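A quick write-up on the structure given underneath.
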Amino acid sequence: MNIDTSIKKVLLLGSGALKIGEAGEFDYSGSQALKAIKEEGISTVLINPNIATVQTSDGFADKIYFLPVTPEFVEKVIEKERPDGILLAFGGQTALNCGVELYLKGVLEKYNVKVLGTPVQAIMDTEDRELFVKKLDEIDVKTIKSEAVETIEDAKAAAERLGYPVIVRAAYALGGLGSGFCDNESELVALTEKALSFSPQVLVEKSF
């Protein structure tokens, strides 16, 4: 096994607030990741605004920043700590979204921070409903007919083309926030409004 000896310090984006798709399971996986990294003799920095987590207990991370997991705060910590690597997959939805934004803005490249574990492109391909369906098509995995939309009007048009009942799925939402079944246009409008308040994109999918 080849170990990257250039990695001396790692930043982990933590589990944060108690929300569906974030809290307990990511607190556990993140705390285990911190332990494993320390066993390799690598220095660890954690960003996690929630003091009531296992991750933020004494002995897990070498340094803890009780700050929101947002691109602005994370960039400031990167600028100060200069980590060699960053882990995005141990903090739930907020950490994933933050990592993608840092990548797209060029912050990670600017400070020469390597993304460890799941590559950012893989995160984007699975979080974006439209990209995910295209990736499944590329490997001949059959999927139910669906359309990715960003407005209520487009959702209504998609549902008409697909035929009711349909399922509305919010993108970038591990816990499925704003997702559900619709038997008619009024239900579709109500659910799409809710889904778009959580996410910039929804998938309208034929329901079986």
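The values are calculated or read from the model by the stated rules, or taken from the named source; none is laboratory data. Quick caveat, the model's predicted, so the values are computed rather than measured. Positions of Cβ are backbone-derived with ideal geometry, glycine not excepted, and every protein chain shown enters the neighbour counts.
For this structure, a couple of remarks:
- Selection within the stretch 86-122: residues that are of a type in the set (S, T, Y) and touching a helix residue (DSSP H, G or I) at 6+ places or on another chain (Cβ under 8 Å). The member of this set that is farthest from L11 (Cα to Cα) is Y103.
- Some residue of the stretch 126-133 being among the polar types (S, T, N, Q) and closer than 30 Å to A158 by Cα: yes
- Residue match in the stretch 160-170 (condition: surrounded by fewer than 15 Cβ atoms within 10 Å (Cβ to Cβ) and either under 19 Å from E75 (Cβ atoms) or in contact with a strand residue (DSSP E or B) (Cβ under 9 Å, 6 or more places away or on another chain) (or both)): yes
Quick grid of which residues meet (1) of a type in the set (D, E); (2) surrounded by 13 or more Cβ atoms within 10 Å (Cβ to Cβ); (3) modelled with pLDDT under 90:
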position	(1), (2), (3)
P83	no, yes, no
G99	no, yes, no
K114	no, yes, no
I123	no, yes, yes
L131	no, yes, yes
I139	no, no, yes
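- Here the strands (runs of 3 or more DSSP E) wholly within the stretch 97-181 that include at least 3 residues being β-branched (V, I, T) are 166-170.
- Scanning the stretch 171-196 for residues being at pLDDT 85 or above and closer than 17 Å to N97 by Cα gives a total of 2.
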